Every structure is written in structure tokens, then in C-alpha cells.
Amino acid sequence: MNIVRNHILISIDAGTIMAGAKAVEDALIKELTKYGLDKEVSVLETGSLGITGRGVVLVVYPEGIYYANVTVRDVPELVEEHLLKGRPLKRLILTEAPKRTIVTKEKTGLLKEQPRIVLRNCGFINPENIDEYIAAGGYEAIAKALHGMTPEDVVNEVKASGLMGRGGAGFPTGLKWEFAIKTPGEEKFVICNADEGEPGTFKDRLILEGDPHKLIEGMLLAGYAIGAQTGFVYIRGEYGLSIERIEKAIADARTYGLLGKNILDSNFRFDIFVKKGAGAYICGEETALIESLEGKRGHPRNKPPFPINAGLWGKPTLVNNVETLANIPEIIKNGAEWYRGYGTDKCPGTKVYTILGHVQTPGLIEAEMGTTLKEIIFEYGGGIKDGKAFKGALIGGAAGAFISSEMLDVKMDFVNLREYAAALGSGAILVMNEDTDMVDMLKNVLHFFKHESCGHCVPCRLGTAKLVEIIDNIAVSKGKKEDLDSLLEITQAMKSASFCPLGQSVSLPVSSALKYFRDEFMARVS
Amino acid sequence: MELEHACQCAQINEEELYPKLEELIEQHKGKPTELIMALHKAQNLFGYLPKKAQEIISERLNVPMSTVCGVISFYSFFSTVPKGRHSIRVCLGTACYVRGSQHTLERVEKELNIKVGGTTEDRRFSLDVVRCIGACGLAPAMLVDNDVYGRVKSTKIMDILKNYE
């Protein structure tokens, strides 16, 4: 048997593929073979390492040294220096690489350690290899549930964990599951909402690309808990690599008997199917998603009845977000008590954020609930780029809130942010520096809503159009002071009268932008 | 996807593609709920959704033509007019916008002399905008067919596009 002394994990996700990760991988293998090191050093593909915008990123174990911006031209030097002579190649080392606490204790950078629950395996295992997921403790939770827990036990464990839905609204997951288990029905469905359309959000994509089996296991547990036999993953059509990986993962799980009949020698049967979306933001709303799954226009439905009572084809249906489901296996495996050790009392666990805009190191991070915005931007994100000053941030995507520097010390979790009339939403944090034009930013957000309004109800259809008209005027300094009141009035009406969360949520960015950056708007109106 | 790029003479080749369409949608026959999947396949095949393809799908899946049209017009992914051989999609999501993607878009419009939603005369490129493709770390981002380009500088656009014939 070969003893492998070094492992090189190379991040293969949409971003790094673009930067030429495949070519670097080939070059590495070629170069290692040239020195006869190919038996001693193994090159493995993995999901996102959580670092974006830094070209090809790879990490060499056991040292745990991260390299970024690696090109094919760097490969000979990298192999000769680090892998042949054992001298890490300083010029390519990424000093701000994230640390993780749960899986390893390596010290690779200056940043705070990240407690990783959801992203535990991302960037550590090969997402296309089911054996690696199993070796990392995968599918233990479903085995534990099937051979020692009743469906009620599973629901109670999730309830006790205090997990809240990570799709945006923060509804208690355990409660949703309890409704689902109590709803009578021969046939029930589990849907994974992977229609991630909130601008600035790509956490679900990286979970899908980095650890697809975790999602399958989460769906299996949900199916077992509520008594469903079929699951669907509704995924954005634009997410090519995610679709490929989840489809492969499903096929492998079927081969291993982890999907299908008599799973792990129990009476439980469950299977999962992938459905592609076709480019409509509204389909992230659960009832619109269900309509789309049924092959129709993605118009939201009346609630009640909620999907939990009458969802897909009128059957009881549980809809959960990717990140929510990815939390479940760890909760079942380690118990609710363990999970409550992370985050805050009211909002336990961690949250995956995408941090973007004018920061030094944009990327994907996982932080405990209750972490302050300041910590996220200045410690994880490395502060503001080019030595500029922080001006504001847009939190939670387009349907989120603008905040200013006075909010930097607010603890970020679903419950706490509500008190500040903001929302955690999808976990997108768009950071803006002092040069940013807030009127222009709000204009962009409102154009987005106008484009994505599905046209089903009047307040949203006409409201978004009118908002765009007004903001376009303000942006070219042709607005009046009263226009600012109109913006608030219209969004208020939309909040009360719109059919679904899309129209209702427009008030958040508008009112927050006007609250914190009113001066800038006043300067543009007469 | 290869088929899409292979056609030099759209009129003639389109006819030849219909048997292939029948083959692709065979598994969806009589299943109205699989309309969107069938439309995805047809659009991949033709590059857009010709009326005749819509009619075939309507009949085979047992979905009224009005519903087919309704679904196509609802989703931004589907198109009923022929598109260029390559699709350029510039991201105007908030993260890209704050990093200046509006300038990218204007530059593409100027260089190709087309507006958003338009196709160049030689049918080489179509231009559209998208709202977030999840490549925010690489903002401003642009998609050409299925290739993502990040940190797009206005001056580099033509260098990127010259790789697509």
C-alpha cells in the first residue's frame, strides 16, 4: 500500500473553474509525476474553500497551508519548493485563510476561528465521492434515526434544537415539522428549496457544490420524520455545476441503497428528484415554487392553506431551505443540547453568510448566531478595501435592509434583528464604502423588484412600477421632497396589501435607506 | 448544446431537429407537470422555442397551448425569438452593480451596437441582463453561454468575446 504523505485539496467550484482550476490540477499531477511524487502526494478535488475572487485556491495537508491565485505557471515552483524540498512557497500563501474549529485545529491565518456545522465538509472532502462523505461521519444520523428513534423523536430533537429556517423568514423548523407530522395523509412530500435568487447570495450553491450528500441526508431525515416517501430539489436553472453534483450524489446514494426501498434494512423508503427552475425570483416563495414544480407559472398561492396542509398536488408538503436541511444531520447525530451550545439562546446554531462588495476578502463564512456585524465585516471580511471608510451595508439581499455604521454593534440573529426592523434574510452582506451613492443603490434594488414582480396582484405590480418611476426621477435630481413621502406611502400600502412576501418586503430596503441615508436623498430633491 | 452551435443555416437545420425533439420529450408524454422540463430541453435544442416546438410539446404533454404560452412568457429563461449563437448575460445584481456592472453593460451595448434583449445582425451574440448568478465574489460578473467571467473590466470585454465565433 502507498503511504500518502501530502494531500493537496483543490477547490473546484464555479468560481475557481473559471480561474482555471482544472488546468492547474492537471499541471500538478503532471509535475508530481515528473518528480516521481505522484504516489506520495495525492491531488483531490473538493468544493469551495470559502474563499472567492482569489483565483485558483488550494490547500496542502497535513500542514494546512492555503495557496491562492495559483496559475499553471506557478505549478513547477510550487511542486519543487513545497512538495519536493518541503519549503512552503511564501509568495502564494493566503494569510487570511479561514480557520475552522470543529474539524481541525490548524492555525493558518489571522482571522477568527469559524465554528463549522453546515460547511463542516466543504473544502475537505471530494463532493463527488460518497465514500468520503461516509468516512467523514456521513449518513450516521439517518442510521441513528432509523434504528433507534421514532419519527416523533426526530421531530422533537429538531424542535429542541431551536433551529430556525435559514431561507430568510426564520420560522422555527421543528414547529413546521410538527405540523407536518400531525397532518394526516397517505402521501407527503419534502421539497428542498434551492432556488436561491436573492441578489448577493450564493451560500446554497456552495453547500450543494461542496457537500451534496449532506443535503440528501437532511432530506432523508425530514422524510422519515414527517412520513414522506418522495423528495424534490427545486434548483435554479443557472446553477449548472450544482445540478450536476446533486444528480451524481443522488445516483450514488441510490447505488448504495441509501435512497430507494428498505433504506439501511429498515421499512423506510424514500427517493429524491431534481427539478430545474427557469429564472424567476418569485419561485423562491414556497407556494410559487410548488406551482412551478407542477409545471405552471410561478404565481404564489393563497395562504392558508399552507403547503404543510395542502402543497404539491394538494398533498401535505414540507418546504425547507438548503442550509436548514444541511443543519439537520449534525443535530440528529450530536443532539439538540450540543447544537444549542452554538449561537444565542433565542436563536441557536450558526449562519452561513456571503460577504461581498467593498471588502478585502469577499467570500463565504459560517459564524455563530449573535456575531456582530462589525466582527463579520472587519474580521472575517478583512475590513474595507483600498483603505476607504465604511458607509453602510445591505443585509439579506434585495429584500433586506440598508444599515449604517451606527448598527455595526448589533448582534446578528433572526430574533434580534427584527427588533431593529432589519432582517437576516438570506445572509447576504453587501458592504458599501464611503463613495457609494445610496440613491443609486436603492434604484438598483427597486428596478430588481419591478423586474421580478410576477404581476399577480395589483399592489405589487403597480407599486413596483411607480417606485421605479419616482426613484429614477430622484436619481437625476428631478424629484421633489414629497416624492420621498410617496416612496414610503407606496411601500407601506404594498406591505399591507400585497399577496406574497415579494411585494410586502419592498418596504424594508426603502424605509431603511430613507431612515439612515435621508440626507443623501434630500440633497437630490427640491 | 453542441447542436445549438452547429447550425449555420437556422432555417434548414431547424426542421431536422424535430425528430430529435420528439425523442427528448418522449419521457414527458401525457405528463403536464413536466412542462418546464420539456421546455428546457426544447430550448437547449433550438436555442429558443419556435412555435412549432411549442405546439408539439402542447400536444404530447396534453397541455393547452395557452398554458404553454403562459409558462414561456413567465420565466425569463425561455425565449420565443431566435437568439444569437452565443448569449451574453451581464449581471446587474446588487453586488455586481455596486462594483460597476452598469459600465460593463454599456460597453457591451456600444461595442456590439445592440441593446439589452437584442441580437447582433450576424446572429453571433444576444445580450441580456440577469439579476445575480451567484458569482458575487467575482463582481462584476458576466456570463457568455455557460462560462462565467468575473472582475470584468470594460477594456477586456472584446478580448473575452473574440473567443466566441
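Every condition in (1) outside any helix (DSSP H, G or I); (2) more than 13 Å from chain B (Cβ to nearest Cβ) holds for A:I429 except the one numbered (2).
From the set of residues in the stretch B:55-70 that are surrounded by 20 or more Cβ atoms within 10 Å (Cβ to Cβ) and out of contact with any Pro (no Cβ under 6 Å at 6 or more places or on another chain), which is farthest from B:A38 (Cα to Cα)? In this case the residue turns out to be B:V68.
Sub-7 Å Cβ pairs linking a first residue in the stretch A:259-285 that is over 30 Å from B:S79 (Cα atoms) and not assigned by TED's automatic domain parsing to the domain that holds A:S453 to a second residue that is among the small types (G, A, S) and buried (at least 23 other Cβ atoms within 10 Å of the Cβ), at least 6 apart or interchain, are A:L259/A:A253; A:F270/A:G223; A:F270/A:G231, ordered by first then second residue. Evaluation of A:S496 against the conditions (1) modelled with pLDDT under 95; (2) surrounded by fewer than 17 Cβ atoms within 10 Å (Cβ to Cβ); (3) of a type in the set (G, A, S) shows that the sole unmet condition is (1). Please work out if A:M441 is in contact with a Leu (Cβ under 8 Å, 6 or more places away or on another chain) and over 21 Å from B:S76 (Cβ atoms). Here the answer is yes, as A:M441 does meet what is asked. Screening the stretch A:324-347 for residues that are small (G, A, S) and within 20 Å of A:G427 (Cα to Cα) and picking the one that is modelled with the highest pLDDT gives A:A326.
A count restricted to the stretch B:1-50 and to residues that are over 23 Å from A:K275 (Cβ atoms), hydrophobic (A, V, I, L, M, F, W, C) and at pLDDT 90 or above stands at 1. In the stretch A:138-188, counting only helices (runs of 4 or more DSSP H) that sit wholly within it, the ones holding 3 or more residues that are buried (at least 17 other Cβ atoms within 10 Å of the Cβ) and not aliphatic (A, V, I, L, M) span A:151-161, A:173-182. If the condition is being buried (at least 20 other Cβ atoms within 10 Å of the Cβ), among the small types (G, A, S) and out of contact with any strand residue (DSSP E or B) (no Cβ under 6 Å at 6 or more places or on another chain), then the stretch A:427-457 contributes only A:S453.
In the stretch A:272-296, the residue that is surrounded by the fewest Cβ atoms within 10 Å (Cβ to Cβ) out of those that are at the interface with another protein chain (Cβ under 7 Å from one of its Cβ atoms) and closer than 16 Å to A:A310 by Cβ is A:E294. Residues of the stretch B:98-140 that are touching a Cys at 6+ places or on another chain (Cβ under 7 Å) and more than 9 Å from chain A (Cβ to nearest Cβ): B:S101, B:P140. Going through (1) within 12 Å of chain B (Cβ to nearest Cβ); (2) assigned to a strand (DSSP E or B) one by one, A:E366 falls short only on (1).
In the stretch B:141-157, which residue that is closer than 20 Å to A:G397 by Cβ and within 7 Å of another protein chain (Cβ to nearest Cβ) is surrounded by the fewest Cβ atoms within 10 Å (Cβ to Cβ)? Within the stretch B:141-157, the match that is surrounded by the fewest Cβ atoms within 10 Å (Cβ to Cβ) is B:G150. Does at least one position in the stretch A:410-426 carry a residue that is part of a loop (DSSP other than H, G, I, E, B), modelled with pLDDT of 90 or more, surrounded by 17 or more Cβ atoms within 10 Å (Cβ to Cβ) and in contact with a Lys or Arg (Cβ under 6 Å, 6 or more places away or on another chain)? Taking every residue of the stretch A:410-426 in turn, none turns out to be part of a loop (DSSP other than H, G, I, E, B), modelled with pLDDT of 90 or more, surrounded by 17 or more Cβ atoms within 10 Å (Cβ to Cβ) and in contact with a Lys or Arg (Cβ under 6 Å, 6 or more places away or on another chain).
Return a yes/no flag: does the stretch A:210-222 have any residue that is away from every other protein chain (no Cβ under 14 Å), in a loop (DSSP other than H, G, I, E, B) and surrounded by fewer than 19 Cβ atoms within 10 Å (Cβ to Cβ).
Within the stretch A:210-222, none of the residues are away from every other protein chain (no Cβ under 14 Å), in a loop (DSSP other than H, G, I, E, B) and surrounded by fewer than 19 Cβ atoms within 10 Å (Cβ to Cβ).
Close Cβ contacts (under 9 Å, 6 or more residues apart or on different chains) running from residues in the stretch A:295-309 that are on the phi > 0 side of the Ramachandran plot and without any contact (Cβ under 8 Å) to a residue 12 or more places away in the chain to residues that are surrounded by fewer than 19 Cβ atoms within 10 Å (Cβ to Cβ) and of a type in the set (V, I, T) comprise A:G295/B:T33; A:G295/B:T67. Looking only at the stretch A:223-254, residues that are within 13 Å of chain B (Cβ to nearest Cβ), in a helix (DSSP H, G or I) and crowded, with 24+ Cβ neighbours inside 10 Å come to 1 in all. The number of residues in the stretch A:280-301 that are in a loop (DSSP other than H, G, I, E, B) and either over 11 Å from B:I36 (Cβ atoms) or basic (K, R) (or both) comes to 6. From the residues in the stretch B:65-97 that are part of a helix (DSSP H, G or I) and facing chain A (nearest Cβ under 8 Å), which one is farthest from A:T354 (Cα to Cα)? The selected residue is B:T67. Scanning the stretch A:1-50 for residues that are modelled with pLDDT of 85 or more, in a loop (DSSP other than H, G, I, E, B) and among the charged types (D, E, K, R) yields A:R5, A:D38, A:K39, A:E40. Residues in the stretch A:12-27 include none that are more than 14 Å from every other protein chain (Cβ to nearest Cβ), among the basic types (K, R) and within 16 Å of A:R73 (Cα to Cα).
The condition (being polar (S, T, N, Q), at pLDDT below 95 and in the same structural domain as A:I328 (by TED's automatic domain parsing)) is satisfied by just one residue among A:T201, A:T173, A:T150: A:T201.
Please work out which residue is farthest from A:G240 (Cα to Cα), limiting yourself to the stretch B:35-64 and to residues that are of a type in the set (G, A, S) and assigned to a helix (DSSP H, G or I). This residue is B:S58.
The values are calculated or read from the model by the stated rules, or taken from the named source; none is laboratory data. These numbers were taken from a predicted model, which means no experiment stands behind them. Please note: Cβ atoms are built from the backbone with ideal geometry, for glycine as well, and neighbour counts cover all protein chains shown.
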